[in-house]
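Taking it in order: structure first as structure tokens, then the write-up.
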Amino acid sequence: MKKIRVVVVDDSALVRSLLAEIINRQKDMECIGTANDPLIAREMIRELNPDVLTLDVEMPRMDGIDFLGRLMRLRPMPVVMISTLTERGAEVTMRALELGAVDFVAKPRIGLAEGIKELSDQIVEKIRVAAAAHIRRLSTPAPGGAAAEGSTAVRPEIKPLGRLSTEKLICIGSSTGGTEAIKEILTRMPADSPGIVITQHMPPGFTTSFAARLNSLCQITVQEAANGERILPGHAYIAPGGKQFRIDRSGANYVAVVEDGEPVNRHKPSVEVLFKSCAQVVGRNAFGIMLTGMGNDGAKAMREMKDAGSYNYVQDEASCVVFGMPREAIAHGAADEVLPLTAIAPALLSRLSNTTDRYRV
């Protein structure tokens, strides 16, 4: 069996030692080198040609974000970020995912050794996923941001949809690679879009920064969902990390239910929870979108949505970072259309524009 060859980059000798130990305990992977700064890591990558890199954010001589940007332009490879669970760490992690990191692990601020050991299963799972991920070269960044190759550098004009029924609701689920995929969808939505509800697998402490970053880029308002909040048109609501998020009704309105429920399919938040509620509460007025991600979370519930009358879009394999959740949704017969990421929003907007269920002015 070919092992996944990993290089660990971190300025902490303790973290390097712990990560190397965790990796080397796995039958299917080995730590082939460690580096305490990006310049040493650069030479190690040239010499050892690893399959996956774990990368700390804050390091001497060159920080992890600068290094990641250069790496993804010149020698793109799977990278798992090792982030600190702070507000600053969350903002930097969102930037790393934008630059092309596959995923991240949030290391604790206190009890570092014990915390990393507790995260060992999560760390090795993310390394395995990263090793199989589709990695794209980062194009030369434009002022104010970076764009992955194949993404739309200049957005077409976003035209209003007109007065749609407030009964319509767009429901999105994603995991690995989903932060950039969600951005691709939301930045194309007009200010009068139907309400949008989103579950992206993400731990506590990171969804606030994720929502804020999206809100700064979109015509619609993007925010974390809050319990009891009315779901409004022109708004997108993201499941808070570490909570379950579902939709309910209060009279004529959809409302958010955010609660500290049990994990479902090992996830909290879980796409299954959100999509099942959309099937039960929204029915034929729902549009489902399944984006890139590992595993099968949400696939069964997306089929329930379809059976209840929703129209569902699933991201195709070629444009996914990881084709796990979309593959399972397709296998469950949940997809009405399987499309490249950049085609999903235009297809949805076209269908919304042509809908006969509008307010009559």
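The figures follow:
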| quantity | calculated |
| --- | --- |
| Those residues of region 220-268 which are assigned to a loop (DSSP other than H, G, I, E, B), closer than 30 Å to Val92 by Cβ and touching a Leu at 6+ places or on another chain (Cβ under 9 Å), in sequence order | Ile220, Ala239 |
| Residue ID - surrounded by the most Cβ atoms within 10 Å (Cβ to Cβ), chosen from residues in region 195-215 that are under 20 Å from Leu232 (Cα atoms) and either among the aliphatic types (A, V, I, L, M) or outside the structural domain of Val273 (by TED's automatic domain parsing) (or both) | Ile198 |
| Failed condition for Phe245, given (1) under 23 Å from Asn312 (Cα atoms); (2) buried (at least 21 other Cβ atoms within 10 Å of the Cβ); (3) at pLDDT below 95 | (3) |
| Only listed residue being in contact with a Ser or Thr (Cβ under 8 Å, 6 or more places away or on another chain), under 30 Å from Gly100 (Cα atoms) and surrounded by fewer than 17 Cβ atoms within 10 Å (Cβ to Cβ), chosen from Pro263, Pro240 | Pro263 |
| Filter result (touching a residue at least 40 places away in the same chain (Cβ under 8 Å) and over 17 Å from Arg16 (Cβ atoms)) within region 105-117 | Ala106 |
| Any chance Val264 is of a type outside the set (D, E, K, R) and either outside the structural domain of Cys320 (by TED's automatic domain parsing) or within 20 Å of Thr292 (Cα to Cα) (or both) | yes |
| Residue in region 80-88 that is out of contact with any helix residue (DSSP H, G or I) (no Cβ under 9 Å at 6 or more places or on another chain), over 18 Å from Ala113 (Cβ atoms) and assigned to a helix (DSSP H, G or I) present | yes |
| Residues of region 95-120 classified as surrounded by 18 or more Cβ atoms within 10 Å (Cβ to Cβ) and either modelled with pLDDT of 90 or more or not in a helix (DSSP H, G or I) (or both), total | 14 |
| Test result for Ser193, small (Gly, Ala, Ser) and more than 23 Å from Lys243 (Cβ to Cβ) | yes |
| Count of residues meeting criterion [more than 18 Å from the chain's Cα centre (by Cα) and of a type in the set (A, V, I, L, M, F, W, C)] in region 236-285 | 10 |
| All positions within region 191-219 that are within 20 Å of Glu167 (Cα to Cα) and in a loop (DSSP other than H, G, I, E, B) | Ala191, Asp192, Ser193, Pro194 |
| Tabulated pairs, region 122-138, first over 16 Å from Cys320 (Cβ atoms), second of a type in the set (Ser, Thr, Tyr) and not in a loop (DSSP other than H, G, I, E, B), C-beta under 6 angstrom, 6+ apart or interchain | none |
| Members of region 220-239 found to be among the small types (Gly, Ala, Ser) and either in contact (Cβ under 8 Å) with a residue 40 or more places away in the chain or under 22 Å from Leu161 (Cβ atoms) (or both), listed by number | Gly234, Ala236, Ala239 |
| Within region 8-49, considering residues that are among the acidic types (Asp, Glu) and closer than 20 Å to Leu71 by Cβ, the one surrounded by the most Cβ atoms within 10 Å (Cβ to Cβ) | Asp10 |
| Evaluation of Lys306 against (1) over 18 Å from the mean Cα position of the chain (by Cα); (2) surrounded by fewer than 17 Cβ atoms within 10 Å (Cβ to Cβ) (one fails), failing number | (2) |
| Total residues in region 296-331, condition of a type in the set (Gly, Ala, Ser), closer than 23 Å to Lys268 by Cβ and touching a residue at least 40 places away in the same chain (Cβ under 8 Å) | 2 |
| Subset of region 135-144 [under 30 Å from Lys2 (Cβ atoms) and either assigned to a strand (DSSP E or B) or modelled with pLDDT of 95 or more (or both)] | Leu138 |
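The values are calculated or read from the model by the stated rules, or taken from the named source; none is laboratory data. Everything numeric here is computed off the predicted structure, so don't read it as measured data. Every residue, glycine as well, gets a Cβ built from its backbone with ideal geometry; the counts of neighbours run over all protein chains shown.
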